[in-house]
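Working notes, structure below.
Every number here is computed from the coordinates shown, using simple stated rules; none is lab data. This one's a predicted model, so the numbers in the text were calculated from it and none came from an experiment. For neighbour counting, all protein chains shown are included, and Cβ atoms are generated from backbone atoms with ideal geometry for every residue, glycine included.
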Amino acid sequence: MAKHHIEATVNGDAVEFLCETEDTLLDVLRDTLQLTGSKEGCASGDCGACSVMLDGRLVCSCLVLGCEVGGRRVDTIEGVAKGQTLHPLQQKFLEHAALQCGICTPGFIVAGKALLEQNPNPTDTEIRYWLAGNLCRCTGYDKIVTAVKDAAVAMRKG
Amino acid sequence: MAENGTNGTNGTNGQGYVGTRTIRPDGVDKVTGRARFGADFNLPGQLIGRVLRSPHPHARIVRIDTSKAEALPGVKAVITRDDFGDQPSEFIPAGEMMMNYKDVVRNVMAREKALYEGHAVAAVAAISAAVARRALKLIDVQYEVLPHVIDVVEAMRPDAPVLHDDLFTAGVEPKPDKPSNIAKRVEIAVGDVEAGFKKADVIVEREFKTAPVHQGYIEPHAALASVSEDGSTELWCCTQGHFIVRAHCARLLGMDIAKIRVTASEIGGGFGGKTVVYLEPLAIALSRKAKRPVKMVMSREEVFKASGPTSGATVRVKMGATKDGKFVAGFGELKYQAGAFQGSPVQPGVFCAYAPYDMENVKVIGYDVVSNRPKVAAYRAPGAPISEFAVESVVDEIAKKLGLDPIDLRMMNAAREGTKAAYGPKFGPIGLEQTLNSIKKTEHWNMPLRKWQGRGVASGFWFNIGGETCASLTINEDGTVSLMAGTPDVGGLRAALTSVAADELGIPYEKVRPIIGDTGSLGFTFLTGGSRSAFSGSMAIVEAAKQIKAELCARAAKLWEAKPDQIEFKDGHVRPLGALAEKVKPMSIADFAKIAGKTGGPIGGYGRINAQGAGPSLGTHLVDLEVDPETGRVTILRYTVAQDAGKALHPAYVEGQFQGGAVQGIGWALNEEYIYGADGKLQNAGFLDYRMPVASDVPMIDAIVVEVPNPKHPYGVRGVGETPIVPPLGAIANAMENATGIRFTELPMSPPKVLKALKERGLNKV
Amino acid sequence: MRYEAPDSLDGAVALLADAIGETRVLAGGTDLLVQMRADVVGPELIVDIKKIPETRVVAEDKGGWRIGAAVTGAELKEHPRLKQVWPGVVEAANLIGSTQVQGRATLGGNLCNGSPAADSVPALIAAGAVATLAGPRGRRDLPVENVMLAPRKLALTKGEFVVSFLLPPRLPRSSDAYLRFIPRTEMDIAVVGAGVSLTVDETGTISAARVSLGAVAPRVLLVPDAAAAIVGSRLDRAAQDRLEAAARAACSPIDDKRGTVEFRIQIAGVLARRAALIALDRARTS
């Protein structure tokens, strides 16, 4: 059957693309739109490396079909920084060495940003449970939690 | 020339970036998604490659018919064992393990037999992933299914199905005349353990069992190969060692090494699992045949089924001590499962078992055993976590039997400078005692514990390696510096090397920009592993900086018409000394850079070394946990790591190694394992049921960086990456015993096992 | 593979009823996409029901609550009132997977995936939820405990799908709770799940109860014996013991990579008791 023709908004830009029914949003982002910041770690929703925002909701893009996002808004890691200015989360990840290999970092930044938008003053426990869907094998999560908390402080200061 | 060297143990002559928490130069790209990992590269016209894998754990491959796949429109190449020449048997050291190309070529593409479920049998390159998947289904493989064997003890039995009929146990006398699954026997022995046991007031003997666990890197293997008509090849892949990948591919494909240029992408985790080749030779072979670039990426299921986890093992340990706590004898028998081809890390397991302790009488025997599972690959201190788990558990039992504090007991027997290890070398300065003392001084050590909570401590050892390493420093026309390192950066290396370069040259950190050079840009550099990349890389940078400083001083001598003893390099400048200082002013690196062309040409230094003098890193871990007696579920409450880094070039990334290794150890101890059915097939080939710790599973991991400088390194550095995974298994088992009174000897200590043990003793009530 | 996203119930029913070949309904996709990727299913037609208003409703209905089959766990959690009335149902839906999964996963999908380990189903069954189905022969209602017959086998006929759930009106001093056992703290499939809903009278005695167990049988169980064990009691130690025994007696689990028979039976009793205690505490303070 013919491919789907989809129009959507990605990181604030109008985009259009063609996709097969079975192509996931992650496939579309990486292979069609060349936005390789979202990563495939498992393709089964168990690692969070593909996290994006869909109409303001944190989701795994490997669990969304490309043809489902017609008319909708997708926000990826590539849209987190504003021009040359890093988001406080990105800055704090760097300051606190909250990344080692960095493959999980885009997912954590997107998920962490979603948390802080919903809960500007999360406890350690709330941070850990919110981020339980983001696997990290390098850091043991310690510095990630520190970075998220510090970013929350920075954002509350405004 | 006046002394201008820098000695890390006496401080540096630069601004002092080493030892501070600089922002890593590659960091911005990583937090914005710009950094390119293995699967992030694409080439115009590329094909997608996929691998056909054996559904059987053990089968003779009778016939492979690829004709239907080749005829499918969109398929541009199909390869099988026929596309790879056979390799003669030859053992080659590969970092901390040994390898044999005869096995490598068979692991990359099965030849006579499929030896594990997931073993590569054929591969295709097609215009899309969908066509490639369809093509795989059209490949007709005729298998003769054979009985399989999975468990290591089962595989050692004389009547077990034999995997290789040309495998005869090495290291036993008389030489066996029947092939078996026992590839080799190794042994170390010092003193007389039998005599030692006779001196003991207390003897503890236990048998332990561990399951295979995977390194669990979040990034699956990925490679993109492009072969030109003249055979020159470009390969991008995520690897811990691109020079090793180049060597393997050249060998397997019969190519000149110079004809292959490998670029290491950013790597999303390796931990030893990306020190070998899987997709790379296949991608090159397909590209060569298809005459187009071929991109291959493993699925998560393929990663679990077809890339090497570490060994599962059965370990017996027997230790004797006097009533004062002196260890008088240590015996161990380790049976490690190697997977489908020989080469488990049983030898390092044997070497490390008792290495933290100064003991007169030690005998450790190890067996390397093949079975129908994926060939094991290195996993962070390969072999040591298993053997040291056993020893640290028994040490804990001895402490309890003697009524001694477990830290005091270890202190009493701790290896120190001058101790001769059972596996051979005499130790230089090492920091085990300091880590034990650090742990004892923590608040953690004194925190009160409630019922069903327990505390455990364990120490750990890993030797670390140096090895061939190249790095270059180039002075650019504006005085900024380009740094090129040869070891892929798995987690902060570029930050550490940049600090070293900046301090050596006395220039600001921001003026040094590091990259990881491809294989065409540097001499052979051994892989990132063995905790060597910061240790060796910084040595090579020091060498490169030395050359630059010498060159600048020589140019100044010409310029100033001065003698070498009137000139020194200090704080980023060439400086005139004595009377000369009244005649000429100091010149910075940037000053020389401006006139480089006129004074002899571009300025640079190239460190090409075989780094020696790697010092062992020892650590001690402390863990508090709580057991839910009604369910067997374990919660880690508190965790502290103290480990000797020699000199922490970048403290935050050193702490990160401690924390990451500890959490991998927590997963290994409590929940991670390969689960096989009776059919020899892996049941949990995904992150859902291969249960690695998530953020809510662990607390903060307190990291204490101990620094006992390594005198053989200009800054005192010891590798730190591997030791952190060694103590957690023992520490957690010891904490479980403290919480429940039960000694668990089988990993993982998952809830069904824990509950069963509690219930058997009537303890499963709050 | 075709993808259709009808915006009406009739449109969806027509597509499903007329479909030849394997067809799948798509709500959150957190099971379907995984199964497609693993080649476990290969539908020729996917019918996305998220554009149908009846599947997206969360509203009071005849004193109870109507929840659309395609409402996500995250949306349930954010609803200002629902978690006060049905905390067990809401917390169950929000234990599925991760924050990311909860952003997509739905009660309808969780039920119709046909896994006895589904987290939200024991809570729905304990609540006495009734599923409203739409099909070629019109609408019908089915108690949730009658929807799943066996693993991957539902009581739906061709062309039928779940539109919404109706939670019954709540008597005063009622509440519910859902607990599951997993080896980690998050992300695992339930090894055992227990949902308890109960009502207490003015004296604090349990006057009504429903107990449901997941992952301990080929379908999610409603366990009347377990409920009977605690009705008329104040959940004293003796009642707790009876509850545990009744829960265990109802189990017929399997050995698999997530748990043994022995383990599941033992845990079923522990969780039923713990969930009942939480529900009781909530009911007393509601």
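Starting from the Cα gyration tensor of the protein assembly as shown, take the square roots of the eigenvalues, sort them a ≥ b ≥ c, and report rounded, prolate or oblate (rounded when a/c is under 1.5, otherwise prolate if a/b is larger than b/c, else oblate). Since a/c reaches 1.5 and a/b is larger than b/c, the shape of the protein assembly as shown is classed as prolate. The calculated FRET efficiency for B:GLU90 paired with B:ASP177, based on their beta-carbon distance and R0 = 25 Å, is about 0.60.
Model label sites at B:ARG63 and C:ARG234, defined 7 Å from Cα along the beta-carbon direction, differ in position by 8.1 nm. Candidate cross-link partners of B:LYS137 among the aspartates and glutamates, defined by an alpha-carbon separation under 13 Å and a same-chain spacing of 8 or more, comprise B:ASP65, B:GLU70, C:ASP39. For region B:135-140, backbone phi angles converted through the Karplus equation (6.51, -1.76, 1.60; θ = phi - 60°) give residue-by-residue couplings of 4, 4, 5, 8, 7, 9 Hz, Gly and Pro being listed as x.
Computed across region C:2-167, the Kirkwood radius stands at 15.7 Å (inverse of mean 1/r, all Cα pairs). Excluding same-chain neighbours fewer than eight residues apart, the aspartates and glutamates reachable from B:LYS199 by a Cα-Cα span under 19 Å are B:ASP324, B:ASP358, B:GLU360, B:GLU397.
With contacts defined as alpha carbon pairs under 8 Å and 6 or more residues apart, what's the relative contact order of chain C in percent? Over chain C, the number comes to 16 percent. Once whole DSSP H runs in chain C are found, which of them have Cα atoms spread over 27 Å or more along the helix axis and a mean Kyte-Doolittle score of at least -1.0? Helices meeting the span and hydropathy rule in chain C are C:261-285. By other beta-carbon atoms within 10 Å, ranking C:LEU166, B:LEU224 with the fewest at the front produces C:LEU166, B:LEU224. The protection proxy used here, the mean number of other Cβ atoms lying within 10 Å of each residue, ranks peptides A:50-60, A:115-125 as follows, highest first: A:50-60, A:115-125. For region B:450-496, the spread of Cα coordinates along the three principal axes comes to 68, 26, 14 Å, biggest extent given first.
Enumerate the lysines that B:LYS440 could reach by cross-link, defined here as Cα to Cα under 21 Å, with residues fewer than 8 away along the same chain left out. Candidates past the 8-residue exclusion: B:LYS326, B:LYS400, B:LYS401.
When C:ILE49, B:ILE48, B:ILE516 are sorted by how many other C-beta atoms sit within 10 angstrom of their C-beta, beginning with the fewest, the order is B:ILE48, B:ILE516, C:ILE49. Of all DSSP beta bridges confined to region C:2-167, the antiparallel ones make up roughly 75%.
Remark: mean inter-chain Cβ contacts per residue of C:90-100 equal 6, using a 10 Å Cβ-Cβ cutoff to other protein chain atoms.
Sorted from longest to shortest, the spans of the Cα atoms of region C:41-125 along the three principal axes equal 41, 27, 24 Å. Considering only C:ALA250, C:ALA17, C:ALA275, the Gaussian network model of chain C with Cα springs below 10 Å gives its largest mean-square fluctuation to C:ALA17.
Positive end of the dipole of chain B (Cβ unit charges, origin at the Cα centre): among B:GLN657, B:LEU224, B:ALA313, the Cα lying farthest that way belongs to B:LEU224. In terms of its C-alpha gyration tensor, region C:1-100 comes out oblate, because a/c is 1.5 or above while a/b does not outweigh b/c. Sorted on the mean count of surrounding Cβ atoms within 10 Å across their residues, most packed first, peptides A:3-16, A:93-106 read A:93-106, A:3-16.
The mean number of partner chain beta-carbon atoms within 10 angstrom of a residue's beta-carbon across peptide A:46-52 is 6. For chain A, what does -39500 (n - 2.57) per DSSP helix run (n ≥ 4), summed and divided by total residues, give at 222 nm, in deg cm²/dmol to the nearest 500? It comes out at -8500 deg cm²/dmol, rounded to the nearest 500.
For chain C, the percent of C-alpha pairs falling in each 10 Å distance bin, counted from 0 to the bin holding the largest distance, reads 7, 30, 35, 20, 6, 1. Given chain C, what count of lysine pairs have C-alpha atoms under 22 Å apart, with each pair 8 or more places apart or on different chains? Summing the qualifying lysine pairs gives 7. Against the main long axis of the alpha-carbon atoms of chain A, helix A:142-157 sits at an angle near 90°. Mean-square fluctuations from a GNM of chain C, with a 10 angstrom spring cutoff on Cα atoms, peak among C:ALA268, C:ALA126, C:ALA249 at C:ALA249.
When the listed pairs B:LYS549/B:LYS598; B:LYS511/B:LYS558; B:LYS184/B:LYS305 are checked against a 22 Å cut-off, the alpha-carbon distance exceeds it for B:LYS511/B:LYS558; B:LYS184/B:LYS305. Using just its DSSP H runs of length 4 or more, each adding -39500 (n - 2.57), chain B gives a mean residue ellipticity at 222 nm of -8000 deg cm²/dmol after division by all residues.
Here B:MET412, B:MET692 are placed in order of increasing Cβ neighbour count within 10 Å, fewest first, which gives B:MET412, B:MET692.
Restriction of the trypsin sites (Lys or Arg not before Pro) in region C:205-286 to DSSP coil positions whose beta-carbon has at most 13 other beta-carbons within 10 angstrom yields C:ARG234. Legend: calculated FRET efficiency, B:ASP679 to B:LYS583, from the Cβ-Cβ distance at R0 = 51 Å, rounded to 0.05, equals 0.05. With one equal scatterer per alpha carbon and no solvent term, the Debye-computed log10 I(q)/I(0) for region C:238-286 at 0.16, 0.27, 0.28 1/Å reads -0.49, -0.92, -0.96. With no solvent and one equal point scatterer placed on each C-alpha of chain B, evaluate the Debye formula and give log10 I(q)/I(0) for q = 0.05, 0.09, 0.11, 0.12 Å⁻¹, two decimals. Those come out to -0.27, -0.86, -1.21, -1.36, one per q. Legend: mean number of C-beta atoms from other chains within 10 angstrom of residue C-beta atoms, peptide C:36-47, equals 3.
Here the gap between B:GLN142 and B:ASN446, fully extended at 0.36 nm per residue and compared with their Cα-Cα distance, gives a gain of 103.0 nm.
The mean sequence distance of close C-alpha pairs (under 8 Å, at least 6 residues apart), as a share of the length of region B:246-299, puts its relative contact order at 30 percent. Remark: relative contact order (region C:174-285) = 32 percent; criterion is Cα-Cα distance under 8 angstrom and separation of 6 or more residues.
Peptides B:605-618, B:561-574 ranked from most to least packed give B:605-618, B:561-574, packing being the mean of other C-beta atoms within 10 angstrom over each peptide's residues.
Just how many % of Cα pairs in region A:88-157 lie over 13 Å apart, if you round to the nearest whole percent? I get 57 percent for the Cα pairs in region A:88-157 exceeding 13 Å. Picking from C:ALA177, C:ALA150, C:ALA92, which is most flexible by a Gaussian network model of chain C using Cα springs under 10 Å? Largest GNM mean-square fluctuation: C:ALA150.
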